[in-house]
Amino acid sequence: MARKKTGNDARDPSPLPADDAHLSPSSSSAALSQQTKPAPIPLILAPEGNAGRDAVKVNNASANEMKIACDDAVKRFLAQPGAFNTIHMHTDVRLLLGWGAVIVAALTGLYGWKMEFEKAKPVVTAGVVLYMILSSAQTLYAYFIEQNIVFEGKRKTLQRRKYAQIETERITLSSKTLPSTPSTPPKYEVSVSYVHSTNGGKLLLGRARERAEMPYTAFFDAAGTMDQDRFDAWLHELVGRAMGSGAGDAKTQ
């Protein structure tokens with residue numbers, strides 16, 4: 001026979017699971033913060049140091065050449081295995097506009113060559129106008145939208161808590177050269193923007209901005225050879241600082 005339920009049975013709640021019963025609010029927040037902390041970017045250095053890499057040598061009298069070499073090193077570092085997947089949107093847009101302008105110019109020239117001048121004039125005029133529009137759009141896009149962006153990437157990770165969810169990290173690095181002064185050499189400046197979110201960007205887990213600068217002479221010797229290990233270590237510290245400060249409290253966007 002079924003046992004008759006007593007008053008004490010009705011009043012006593014079911015016991016909490018052992019893990020939850022001993023989890024205080026502060027430790028719960030700490031656990032969540034620990035779970036949402038992004039995975040660090042690996043610092044991969046050749047075992048033989050710079051001797052184990054292909055040498056990068058530039059004209060160290062040209063700040064532009066040194067900047068290009070540093071920009072290439074940024075792309076290599078952040079696109080390495082275990083880091084970020086490169087977003088090619090800006091490159092794709094510029095290529096689309098550039099190739100569109102080239103195709104319009106070729107078709108316009110071909111049409112003007114095959115047709116009589118007076119008959120071809122309206123089409124050629126329209127082609128020239130369209131070519132100028134596409135070329136101008138490419139230039140304006142690079143200047144106002146892409147600006148100084150060197151690398152833009154993202155990575156997604158599957159996190160398992162009460163239920164599985166996908167977290168997305170997005171990072172953008174911009175660079176520029178700070179001109180030399182009578183007392184200082186030209187410097188390489190890098191700005192980092194980092195965003196950590198989940199639920200398709202609806203829940204913001206962290207956001208950070210960092211900036212650092214270093215004289216080109218710190219990365220290039222008198223012969224113009226780049227110290228790639230030193231540059232990677234400097235960049236690794238900067239990106240790690242941004243990712244660390246970007247792993248904050250969750251906020252709904």
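The values are calculated or read from the model by the stated rules, or taken from the named source; none is laboratory data. Since we're looking at a predicted model, the values are computed, not measured. Note: ideal-geometry Cβ built from the backbone for every residue, glycine included; neighbour counts use all protein chains shown. For accessibility, only protein heavy atoms count, side chains too; no ligands or nucleic acids. Shrake-Rupley method; radii C 1.70, N 1.55, O 1.52, S 1.80 Å.
For the reader, a short list of remarks on this structure follows.
- Which listed pairs, of K75/K187; K75/K156; K57/K154, have C-alpha distances above 28 Å, in listed order: K57/K154
- Region 63-249: C-alpha gyration tensor shape, a/c 1.5 cut-off, then a/b vs b/c: oblate
- Sites S183 and K154, calculated FRET efficiency, Cβ-Cβ separation with R0 41 Å, nearest 0.05: 0.50
- Amide hydrogen neighbours beyond the local backbone of N199, cut-off 5 Å, H modeled: I166
- Between amide H atoms placed 1.01 Å from N, distances below 5 Å from D227 occur with F220, D221, all of them 5 or more places distant or on a separate chain.
- Length available on full extension from M89 to A126: 0.36 nm per residue minus the Cα-Cα distance, which gives 10.5 nm.
- Surface accessible to a 1.4 Å probe, T177 within the full protein complex, Å²: 50 Å²
- Amide H to amide H distances under 5 Å link I87 with E152, G153, K154, where only residues 5 or more positions off or on other chains count and H is placed in the peptide plane.
- For GluC sites (Glu not before Pro), the sites in region 84-164 that DSSP calls loop and that have at most 14 other Cβ atoms within 10 Å are E116.
- Accessible surface ranking that places the most exposed of W99, W113 first, with a 1.4 angstrom probe: W113, W99
- Apolar share of the accessible surface for region 63-249: 61 percent from carbon plus sulfur atoms, 1.4 Å probe.
- Each other residue within a Cβ distance under 13 Å of R230 adds +1 if Lys or Arg and -1 if Asp or Glu, for a net charge of -4.
- Computed with every protein chain present, the accessible area of D54 is close to 130 Å² [probe 1.4 Å].
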